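Undergrad: My questions will all concern the structure given below.
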Amino acid sequence: MNATCLEGGVIVRPVTARIGAEIDGVDLTRPLAEPTLRGLRDALLRHQVIFFRDQPITHHDHLRLGRAFGTLAIHSGVPGLPDHPEIVAIQADENSRYVAGENWHSDLSCNAEPPMGSILAMKVVPDYGGDTCFASMYAAYDALSEPMRHFLDGLTAIHDGEHVYRPIVGPNGQTFPCSEHPVVRTHPETGRRCLFVNPSYTTRIPQLSKLESDAVLAMLYRHCMAADFQVRFRWRPDSIAFWDNRCTQHQAIWDYFPQVRSGFRVTIAGDRPS
Ligand SMILES: [Fe+2]
């Protein structure tokens with residue numbers, strides 16, 4: 001397999017040419033040296049989602065890893081663990097009526113400052129199923145025609161958390177963020193342009209009529225979900241995925257009911273899209 005070695009001994013094996021790479025040569029149960037952290041950041045920026053195998057991290061390790069990449073964010077939609085509010089449990093079993101992230105989305109794009117990234121450590125996996133798909137929004141933007149890119153460049157979109165979280169928490173008086181972001185954002189670290197609308201949170205493009213907005217968003221969602229912009233990750237116990245939320249979308253596939261799938265996630269704070 002084609003492997004390259006980045007700074008700090010970080011070994012990278014791309015899974016596709018556009019998105020996704022498996023990482024070797026790193027032990028996430030230990031504090032990471034600066035060169036290794038630079039190598040991991042480099043891999044993340046190049047491949048947008050990086051995958052690790054056989055990393056039996058504790059909550060403490062998970063928090064340390066997340067903090068090495070930025071400030072940890074408290075989830076605005078669901079509560080964290082009682083002892084570690086920055087860690088959210090991901091759990092589906094025979095009692096689940098829904099699972100988190102079943103539809104394509106970018107995590108918490110309803111926030112004024114959506115997360116820069118998320119790190120999901122899976123602990124219990126079903127015998128079969130339960131993969132996560134990730135899609136490159138760089139690839140999606142690059143594949144649009146020039147007139148369409150030009151048309152989208154000046155538009156914004158509304159991202160609303162209400163319809164995502166209300167069915168989960170019920171009528172409890174809690175309010176959820178709603179924000180307006182550019183339809184096409186510039187990644188603050190790579191400088192690359194990427195699409196930033198998703199079918200979970202995005203509700204409309206305010207510069208267009210409802211009919212126009214619905215049609216443009218439907219076209220973009222269909223475009224973004226092309227299989228050749230995607231990578232699909234098969235989890236094992238103690239696998240970890242670390243995705244750049246600024247230039248990707250993902251979907252957790254719930255095709256394993258009533259089996260159990262559970263893990264933990266931390267979310268790294270991001271900046272206002274521009
Ligand atoms: Fe998600």
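Undergrad: Output yes when any residue across the range 17-34 is open to solvent by less than 40 Å² (accessible area, probe 1.4 Å), assigned to a loop (DSSP other than H, G, I, E, B), free of Cβ contacts under 8 Å to residues at least 40 places away in the same chain and of a type outside the set (Ser, Thr, Tyr), and no when none is.
TA: Step one: list which residues in the range 17-34 are open to solvent by less than 40 Å² (accessible area, probe 1.4 Å), which gives 19-21, 23, 26, 28.
Narrowing the set further to residues that are assigned to a loop (DSSP other than H, G, I, E, B) leaves 19-20, 26, 28.
This time we only want the ones that are free of Cβ contacts under 8 Å to residues at least 40 places away in the same chain, so: 26.
Then drop every residue that is not of a type outside the set (Ser, Thr, Tyr), which leaves 26.
Checking the range 17-34: at least one residue is open to solvent by less than 40 Å² (accessible area, probe 1.4 Å), assigned to a loop (DSSP other than H, G, I, E, B), free of Cβ contacts under 8 Å to residues at least 40 places away in the same chain and of a type outside the set (Ser, Thr, Tyr).
Undergrad: Then there is this: Quick check on my filter: what residues within the range 86-95 are in a loop (DSSP other than H, G, I, E, B) and open to solvent by less than 60 Å² (accessible area, probe 1.4 Å)? Steps first, answer last, please.
TA: So in the range 86-95, the residues in a loop (DSSP other than H, G, I, E, B) come out as 86, 93-95.
Across the range 86-95, the qualifying residues are 86, 93.
Undergrad: Now a separate question. Quick check on the range 240-274: of everything there that is closer than 16 Å to residue 91 by Cβ and more than 16 Å from the ligand (Cβ to nearest atom), which residue is surrounded by the most Cβ atoms within 10 Å (Cβ to Cβ)? Full working, then the answer.
TA: So the first thing to find is which residues in the range 240-274 are closer than 16 Å to residue 91 by Cβ, and the list is 252-254, 256-266.
Those still in the list that are more than 16 Å from the ligand (Cβ to nearest atom) too: 256-260.
Values: 256: 18, 257: 15, 258: 10, 259: 16, 260: 16.
Going through the qualifying residues, I end up with 256.
Every residue, every condition in (1) at pLDDT below 90; (2) in a loop (DSSP other than H, G, I, E, B); (3) surrounded by 19 or more Cβ atoms within 10 Å (Cβ to Cβ); (4) near the ligand (Cβ under 10 Å from one of its atoms), yes or no:
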site: 76; (1), (2), (3), (4): yes, yes, no, no
site: 97; (1), (2), (3), (4): yes, yes, no, no
site: 102; (1), (2), (3), (4): yes, yes, no, yes
site: 122; (1), (2), (3), (4): no, no, yes, no
site: 128; (1), (2), (3), (4): no, yes, no, no
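Undergrad: Since residue 112 meets every condition but one in (1) touching a residue at least 40 places away in the same chain (Cβ under 8 Å); (2) away from the ligand (no atom under 16 Å from the Cβ); (3) part of a strand (DSSP E or B), which condition does it not meet?
TA: Against the list (1) touching a residue at least 40 places away in the same chain (Cβ under 8 Å); (2) away from the ligand (no atom under 16 Å from the Cβ); (3) part of a strand (DSSP E or B), residue 112 comes up short only on (3).
Undergrad: Of all residues being closer than 25 Å to residue 204 by Cα and touching a Leu at 6+ places or on another chain (Cβ under 9 Å) in the range 104-120, which is surrounded by the most Cβ atoms within 10 Å (Cβ to Cβ)? Just the residue, please. Before the answer, list the steps.
TA: Of the range 104-120, the ones closer than 25 Å to residue 204 by Cα are 104-117.
From what is left, the residues that are touching a Leu at 6+ places or on another chain (Cβ under 9 Å) are 114-115, 117.
Working: 114: 27, 115: 24, 117: 23.
Ranking the qualifying residues of the range 104-120, first place goes to 114.
Undergrad: Taking only pairs six or more apart or across chains, which ones have beta-carbon atoms under 7 Å, a first residue in the range 168-184 that is more than 20 Å from residue 100 (Cβ to Cβ), and a second residue that is basic (Lys, Arg)?
TA: If the second residue must be basic (Lys, Arg), the pairs left are 184/193.
Undergrad: Test residue 57 against the criterion of being within 16 Å of the ligand (Cβ to nearest atom), among the aliphatic types (A, V, I, L, M) and either within 28 Å of residue 18 (Cβ to Cβ) or not in a strand (DSSP E or B) (or both), and give yes or no. Write out each step before concluding.
TA: Numbers: within 16 Å of the ligand (Cβ to nearest atom): no; among the aliphatic types (A, V, I, L, M): yes; either within 28 Å of residue 18 (Cβ to Cβ) or not in a strand (DSSP E or B) (or both): yes.
Criteria not met by residue 57.
Undergrad: How many residues does the range 50-74 contain that are under 27 Å from residue 178 (Cβ atoms) and open to solvent by less than 10 Å² (accessible area, probe 1.4 Å)?
TA: Count: 1.
Undergrad: Test of understanding: among 66, 9, which residue is under 20 Å from residue 250 (Cα atoms) and either in contact (Cβ under 8 Å) with a residue 12 or more places away in the chain or out of contact with any His (no Cβ under 7 Å at 6 or more places or on another chain) (or both)? Break it down into steps so the answer makes sense when it comes.
TA: Details: 9 fails: under 20 Å from residue 250 (Cα atoms).
Of 66, 9, the one residue that is under 20 Å from residue 250 (Cα atoms) and either in contact (Cβ under 8 Å) with a residue 12 or more places away in the chain or out of contact with any His (no Cβ under 7 Å at 6 or more places or on another chain) (or both) is 66.
Undergrad: Any residue in the range 170-192 that is of a type in the set (Asp, Glu) and surrounded by 15 or more Cβ atoms within 10 Å (Cβ to Cβ)?
TA: Filtering the range 170-192 for residues of a type in the set (Asp, Glu) gives 180, 189.
Checking the rest, the ones that are also surrounded by 15 or more Cβ atoms within 10 Å (Cβ to Cβ) come to none.
The answer is no, given that none of the residues of the range 170-192 is of a type in the set (Asp, Glu) and surrounded by 15 or more Cβ atoms within 10 Å (Cβ to Cβ).
Undergrad: May I pose another question? Does the range 1-16 hold any residues that are part of a helix (DSSP H, G or I) and either under 24 Å from residue 133 (Cα atoms) or open to solvent by less than 80 Å² (accessible area, probe 1.4 Å) (or both), and which are they? Break it down stepwise before answering.
TA: Looking only at the range 1-16, we keep the residues that are part of a helix (DSSP H, G or I), and these are 7-9.
Residues satisfying the conditions are 8, 9.
Undergrad: Which members of the range 203-239 meet the condition of being open to solvent by 50 Å² or more (accessible area, probe 1.4 Å) and of a type in the set (S, T, N, Q)?
TA: 203, 207, 209
The values are calculated or read from the model by the stated rules, or taken from the named source; none is laboratory data. Keep in mind that what you see is a predicted model, and the values were worked out from it rather than measured. Virtual Cβ from ideal backbone geometry, glycine too; neighbours counted across all protein chains shown. The area values use the complete protein model at the heavy-atom level, side chains included, leaving out ligands, DNA and RNA. Shrake-Rupley method; radii C 1.70, N 1.55, O 1.52, S 1.80 Å.
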